[in-house]
Amino acid sequence: MAGEGKPQLHEVYAALSVLYDTQNRDKLGVEKASTYLSHIQQSVWAWELADTLLIQNKGKENNNFAATMLRNKIQKEFRELPENSHASLRDSLLKHLDLYREGDAVLVTKLSLAVADLALQMVSWKNVVNDLVARFSQDSKSWTVLLECLTVLPEEVGSRYLKLGAARREEVTTQLQACSATVFSFLEFVSANSASLPNPDFTHNHVFRCWGSWLVLGEFDARAVAQGKILPKIFEIVTVNTPCHTCYDSACDAVCSATYAMEDLHVNRELALQIVPRLAALQPTLVNAINTDNLDVVNSITRIVTEAGESLISPLTKTPGKDLGDLSVVSTILAAIQFPDYSVAESSFSFWFQLAENIYRAPDMEIVETYKPVFIQLLNTLVKLCELYDEFEESSFDDEDFLDFRDKCSDLFKDIVYIVGIRPVLELLLAGVEQTPPDQWQRLESMLFCSSCVIKILSRADSDIVMRYLKAALGIPTTANQNLRVMSVKVLGECAEWVTIEQQVLNHVLQKLLQELRDKKLASHCIKTLEKLCQMGGEVLQSHLELLIQIIEQAEEVPHSTFTAFIECVAGICSYQPLALQSPHLMRIANRSLLSLAKNPADPVKDIDNISSIFRGYKGEVAPTDESPLQAVFVATWPHLSVALLSCANSVNNIERVCRCIRYGLRSVGKKTPQILEPLAEKLIQLYNIKPHSCVLYLSSVIVDEFSSDVRLEEGLLGLFSAMGPKTFEILSAPHGLERNPDTVDDFYRLCSRYIQHVGSRVVSSPIMIHLVDIATNCLSLQHKDAQCSAIKFMDTLMQRANNEKCPHSLGQIKRKGQDMVNSIVLGVSGGLPPSLLTDLCILLHDLLAALGEEARAWLRLALGTIPLGAYVTQKQVEELYHNVTASTTLPRDTVRYCKEFNQCFS
């Protein structure tokens with residue numbers, strides 16, 4: 001269907017017909033048509049084609065396709081058009097809006113967005129708002145078009161899809177703000193005359209959206225807006241009407257925009273004085289909505305008062321109960337969260353966090369006392385909302401949002417504690433815990449949950465409260481509801497600091513956990529609590545090491561991640577034993593996994609993870625002359641690891657876990673097992689040639705770290721590098737090889753840096769360095785942080801070698817690619833990369849300038865000369881960047897700051 005050159009109109013219509021034919025869907029035909037149309041949209045012919053389709057007006061789908069294509073071209077590829085064609089494009093778009101003004105609303109919106117995106121990028125169009133008002137305001141049939149254009153125009157100013165640049169964005173914002181009086185005057189006029197229109201509600205819907213959009217833009221006459229007729233009309237709809245009203249949602253959005261705008265109280269105080277009393281009038285509507293179980297209205301009003309509360313944080317915490325610090329806003333939010341749906345309360349959390357933070361900073365204790373009852377009421381409400389469902393079972397519960405809500409509550413409880421006080425909060429909850437029988441398990445579980453979130457904040461002086469909580473948790477019978485028993489076990493874990501202080505209390509807790517371990521549904525929670533006890537009191541728990549090892553040997557149906565974390569902690573407790581006893585204990589911990597590996601070599605990764613946890617968890621210090629207690633574990637595991645390296649080759653996840661275990665093992669005992677190097681290197685080379693996993697390169701860098709100090713092993717290490725280099729070059733040199741293999745880039749250049757650091761002279765002088773530096777230079781433009789960072793680290797390591805050891809080979813490689821490196825850096829800084837990827841790149845530029853002086857400055861001058869001027873930056877800004885980053889007093893952090901400020905011009 002598609003040929004080279006200008007597309008034929010009949011072919012385009014045919015492709016659109018196939019694409020939108022819902023009666024006879026031909027999957028292959030649709031795919032071909034989609035590919036063809038996608039190709040056209042990316043071509044330069046799309047401009048003319050879209051215009052033609054809109055002029056011919058052959059159906060709704062065709063028109064929408066054309067409008068979408070035109071908007072996308074303006075948004076993403078506006079610079080394809082010569083400047084002398086901008087005016088004709090504008091005139092054509094305005095004619096299309098005239099043509100379709102009473103047509104499909106979606107089409108009008110798409111064309112309005114196209115006009116907005118054009119206006120923001122078309123520097124020569126100076127009077128956008130006045131031109132639009134002059135053209136479309138005279139005929140009431142065109143008001144909808146004008147309202148849509150005026151609505152999306154300020155919204156598009158903040159769009160990051162449009163690469164306007166900071167200077168242009170600021171310029172158009174200022175231009176629009178200067179026209180705000182014209183816009184608000186027109187909106188008042190339309191609102192006043194809407195009754196004479198065919199659909200007044202539809203018009204008000206547009207008016208409210210536009211009104212809110214321009215409020216958010218800022219810089220308006222607050223008094224004129226506050227005294228206008230639109231604000232009362234909006235509140236009338238929100239207060240009196242229900243969501244069935246056509247413009248209810250847009251009215252709510254407009255109120256939120258108004259509350260957002262009044263945040264700047266010094267400028268918009270007049271607006272705030274009109275809004276705050278009207279917010280208090282929303283409370284009866286809210287109460288009625290709660291009583292009638294109307295979630296939509298509750299959500300809308302909660303959103304309004306919450307955003308208003310955030311804008312009024314300053315007066316609420318400086319002059320509560322006075323003027324704009326009217327506490328009716330707070331009481332309305334409290335009333336809203338009484339609704340039994342937890343999502344309503346969750347939507348108010350941002351307000352409570354800000355309020356608590358500002359109160360905590362307040363020097364006046366009277367303000368703190370004013371808000372204590374508010375936060376106590378908030379606490380009681382959250383306790384109720386945190387209650388579990390009747391049929392809750394964690395293993396099969398699918399309401400992840402509710403569990404997320406409980407997690408967020410735990411953060412809010414900490415803020416409540418800082419206002420009310422930790423002891424009063426826990427005493428309040430504890431009173432409920434002690435008075436609630438186990439058969440009321442939902443309330444009791446919720447109070448224990450809330451307590452567990454903050455109990456660790458208690459000081460040692462408040463141990464009496466903790467002991468009462470421990471007594472309550474230990475007193476939950478094994479016949480109680482499973483969820484309540486789970487929470488009692490979790491409480492024991494949160495009290496680990498106190499449990500491990502007293503041996504008698506520890507014994508009671510361990511006895512409780514052993515009882516609950518018999519229930520397979522509680523096993524994982526008990527293991528997690530034991531893990532916390534081990535982390536908090538390793539030395540105390542060493543007397544219970546035998547029990548802990550027995551649990552490892554006998555535990556069943558415990559989630560893998562929980563079990564490995566527990567193994568890690570028990571391995572850490574082994575570190576407190578006498579050195580002679582450590583190795584037997586560690587072997588006992590490993591035996592279950594070693595036996596399983598022997599019986600089931602086809603599925604080794606979980607057992608290998610368990611062994612990894614032993615290496616990771618052991619914290620003992622061993623003298624260089626002594627054998628490591630982990631030596632026996634590593635030697636016993638190596639045959640299984642050797643087999644797994646090849647048997648797991650086809651699974652990226654599994655091979656990474658095998659390599660991770662070897663890595664931890666080498667870090668633990670590597671230097672004392674040089675005999676491992678040769679068979680390990682052979683296996684890694686064999687594996688890398690079969691499946692070039694990047695984790696093999698990572699493991700190889702660890703091998704270099706561990707064994708490079710032994711000069712006898714240098715040839716073997718270089719052999720490992722020589723064997724893996726060609727395969728890696730093949731992968732990274734393929735088309736799009738760098739973009740498609742960022743992990744390989746990351747791990748390979750980490751490995752290269754290690755070789756330069758440890759066996760540098762042999763690597764730097766080898767022919768392979770040319771390829772390494774060439775590929776690393778190309779990596780500077782990668783949009784992948786870790787890959788780019790490793791390439792930059794490699795360059796830095798090379799420069800350090802050139803500076804510290806006066807290495808001519810290193811210096812020669814840097815100079816050979818210096819201009820290309822600086823070109824890549826400047827390309828990234830001038831819009832090619834996002835700010836998050838610029839820090840390391842800018843530090844590399846600073847290092848090049850510091851190391852090579854005038855030569856690097858010449859590279860920078862040439863690279864900056866390639867930046868196109870006018871659209872984003874001026875010659876003056878480029879010169880300022882050059883002088884700032886090349887100044888002798890410029891520090892690395894200064895270079896980063898200058899470059900990021902320059903980058904903002906392109907965003």
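Please count how many residues of the stretch 264-285 are within 19 Å of L231 (Cα to Cα) and open to solvent by 30 Å² or more (accessible area, probe 1.4 Å).
Kept after step one, since they are within 19 Å of L231 (Cα to Cα), are these residues of the stretch 264-285: 264-265, 267-283, 285.
Filter again for open to solvent by 30 Å² or more (accessible area, probe 1.4 Å), leaving 264-265, 267, 269-270, 273-274, 277-278, 280-281, 283.
The number of residues fulfilling the criteria is 12.
Has the stretch 692-705 got any residue that is modelled with pLDDT of 90 or more and touching a His at 6+ places or on another chain (Cβ under 7 Å)? The answer is yes, given that some residue of the stretch 692-705 is modelled with pLDDT of 90 or more and touching a His at 6+ places or on another chain (Cβ under 7 Å).
Among the numbered conditions (1) touching a Phe, Trp or Tyr at 6+ places or on another chain (Cβ under 7 Å); (2) surrounded by 15 or more Cβ atoms within 10 Å (Cβ to Cβ), the only one that R861 does not meet is (2).
Considering S331, S350, S314, the condition of being modelled with pLDDT of 95 or more, under 34 Å from the mean Cα position of the chain (by Cα) and loosely packed, with under 15 Cβ neighbours inside 10 Å is satisfied by S350 alone.
Going through (1) surrounded by 14 or more Cβ atoms within 10 Å (Cβ to Cβ); (2) free of Cβ contacts under 8 Å to residues at least 40 places away in the same chain; (3) not charged (D, E, K, R) one by one, S642 falls short only on (2). Pairing each residue of the stretch 603-630 that is in a helix (DSSP H, G or I) with any residue that is acidic (D, E) and open to solvent by 10 Å² or more (accessible area, probe 1.4 Å), provided the two are 6+ apart or on different chains, yields C-beta distances under 7 Å for S613/E568; R616/E568; G617/E568. Of all residues in the stretch 818-845, those that are within 15 Å of E901 (Cα to Cα), of a type in the set (V, I, T) and either crowded, with 21+ Cβ neighbours inside 10 Å or in contact with a strand residue (DSSP E or B) (Cβ under 8 Å, 6 or more places away or on another chain) (or both) total 3.
So, of the residues in the stretch 286-317 that are touching a helix residue (DSSP H, G or I) at 6+ places or on another chain (Cβ under 9 Å) and not in a helix (DSSP H, G or I), which turns out to be nearest to L231 (Cα to Cα)?
So in the stretch 286-317, the residues touching a helix residue (DSSP H, G or I) at 6+ places or on another chain (Cβ under 9 Å) come out as 286-290, 294-317.
Remaining after also requiring not in a helix (DSSP H, G or I): 294, 312.
Working: N294: 24, L312: 18 Å.
For the stretch 286-317, the residue satisfying everything is L312.
Can you find even one residue in the stretch 231-241 that is under 34 Å from the mean Cα position of the chain (by Cα), open to solvent by 40 Å² or more (accessible area, probe 1.4 Å) and touching a residue at least 24 places away in the same chain (Cβ under 8 Å)? No; the residues of the stretch 231-241 include none that is under 34 Å from the mean Cα position of the chain (by Cα), open to solvent by 40 Å² or more (accessible area, probe 1.4 Å) and touching a residue at least 24 places away in the same chain (Cβ under 8 Å). Once the stretch 645-662 is narrowed to residues that are open to solvent by 30 Å² or more (accessible area, probe 1.4 Å) and over 29 Å from the mean Cα position of the chain (by Cα), the residue that is nearest to Q675 (Cα to Cα) is L646.
Any residue at all in the stretch 706-715 that is under 15 Å from H640 (Cα atoms) and either buried (at least 22 other Cβ atoms within 10 Å of the Cβ) or charged (D, E, K, R) (or both)? Give the steps one after another, and end with the answer.
Step one: list which residues in the stretch 706-715 are under 15 Å from H640 (Cα atoms), which gives none.
Looking for residues that are under 15 Å from H640 (Cα atoms) and either buried (at least 22 other Cβ atoms within 10 Å of the Cβ) or charged (D, E, K, R) (or both), one finds none in the stretch 706-715, hence no.
Scanning the stretch 849-892 for residues being at pLDDT below 95 and of a type in the set (K, R) gives a total of 1.
Checked against the criterion of being touching a Ser or Thr at 6+ places or on another chain (Cβ under 8 Å) and open to solvent by 20 Å² or more (accessible area, probe 1.4 Å), the candidates G325, G321 yield just one match: G321.
For G421, the criteria (1) open to solvent by 40 Å² or more (accessible area, probe 1.4 Å); (2) without any contact (Cβ under 8 Å) to a residue 40 or more places away in the chain; (3) over 29 Å from the mean Cα position of the chain (by Cα); (4) closer than 17 Å to C450 by Cβ hold in every case but one, which is (1).
Results for (1) among the hydroxyl-bearing types (S, T, Y); (2) surrounded by 17 or more Cβ atoms within 10 Å (Cβ to Cβ); (3) within 24 Å of E678 (Cα to Cα), shown as yes or no for each residue.
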| residue | (1), (2), (3) |
| --- | --- |
| L597 | no, yes, yes |
| N600 | no, no, no |
| D603 | no, no, no |
| I608 | no, yes, yes |
| G617 | no, yes, no |
| E621 | no, no, no |
| T625 | yes, no, yes |
| Q631 | no, yes, yes |
| F634 | no, yes, yes |
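Among the residues of the stretch 436-480, what is the count of those that are in a loop (DSSP other than H, G, I, E, B) and within 13 Å of K490 (Cβ to Cβ)?
Step one: of the stretch 436-480, the residues in a loop (DSSP other than H, G, I, E, B) are 436-440, 458-459, 475-480.
Among the residues that remain, those that are also within 13 Å of K490 (Cβ to Cβ) are: 476.
Summing the residues that are in a loop (DSSP other than H, G, I, E, B) and within 13 Å of K490 (Cβ to Cβ) in the stretch 436-480 gives 1.
Give me the residue from the stretch 783-801 that is touching a Pro at 6+ places or on another chain (Cβ under 9 Å) and open to solvent by less than 10 Å² (accessible area, probe 1.4 Å) and, out of that set, nearest to A856 (Cα to Cα). It comes out as Q788. When C695 is tested against (1) free of Cβ contacts under 8 Å to residues at least 24 places away in the same chain; (2) assigned to a helix (DSSP H, G or I); (3) open to solvent by less than 60 Å² (accessible area, probe 1.4 Å); (4) not aliphatic (A, V, I, L, M), exactly one condition is not met: (1). Of all residues in the stretch 195-230, which are open to solvent by 20 Å² or more (accessible area, probe 1.4 Å), closer than 28 Å to T174 by Cβ and in a helix (DSSP H, G or I)? Those that are open to solvent by 20 Å² or more (accessible area, probe 1.4 Å), closer than 28 Å to T174 by Cβ and in a helix (DSSP H, G or I): R209, V216, L217, R223, A224, Q227. A565 passes every criterion in (1) open to solvent by 10 Å² or more (accessible area, probe 1.4 Å); (2) under 24 Å from C659 (Cβ atoms); (3) outside any helix (DSSP H, G or I) apart from (3).
Mind telling me which of the residues R79, R101 ends up being at pLDDT below 95 and not in a helix (DSSP H, G or I)? Steps first, answer last, please.
Values: R79 fails: not in a helix (DSSP H, G or I).
None of the others qualify; the one that does is R101.
Only one of the listed residues (I337, I359) is more than 18 Å from V238 (Cβ to Cβ), β-branched (V, I, T), surrounded by 17 or more Cβ atoms within 10 Å (Cβ to Cβ) and modelled with pLDDT under 95. That residue is I359. Checking each residue in the stretch 365-385 for being at pLDDT 95 or above and hydrophobic (A, V, I, L, M, F, W, C) picks out V374, F375, I376, L378, L379, L382, V383, L385.
Scanning the stretch 677-692 for residues that are open to solvent by less than 20 Å² (accessible area, probe 1.4 Å) and over 18 Å from H758 (Cβ atoms) yields L687, Y688.
One residue stands out in the stretch 184-194 among those that are over 15 Å from V145 (Cα atoms), of a type outside the set (S, T, Y) and at pLDDT 95 or above: the one that is surrounded by the fewest Cβ atoms within 10 Å (Cβ to Cβ), namely F189. Here I501 clears all of (1) at pLDDT 90 or above; (2) open to solvent by 70 Å² or more (accessible area, probe 1.4 Å); (3) in a loop (DSSP other than H, G, I, E, B) except the condition numbered (1).
Hey, does the stretch 162-177 have a residue that's open to solvent by 20 Å² or more (accessible area, probe 1.4 Å), free of Cβ contacts under 8 Å to residues at least 60 places away in the same chain, assigned to a loop (DSSP other than H, G, I, E, B) and at negative phi? The answer is no, given that none of the residues of the stretch 162-177 is open to solvent by 20 Å² or more (accessible area, probe 1.4 Å), free of Cβ contacts under 8 Å to residues at least 60 places away in the same chain, assigned to a loop (DSSP other than H, G, I, E, B) and at negative phi. There is at least one residue in the stretch 255-263 that is in contact (Cβ under 8 Å) with a residue 24 or more places away in the chain, more than 16 Å from V183 (Cα to Cα), open to solvent by 60 Å² or more (accessible area, probe 1.4 Å) and in a helix (DSSP H, G or I).
The values are calculated or read from the model by the stated rules, or taken from the named source; none is laboratory data. Bear in mind that the values here come from a model prediction, so they are computed numbers and not experimental data. All Cβ positions, glycine included, derive from the backbone under ideal geometry; neighbour counts span all protein chains shown. For accessibility, only protein heavy atoms count, side chains too; no ligands or nucleic acids. Shrake-Rupley method; radii C 1.70, N 1.55, O 1.52, S 1.80 Å.
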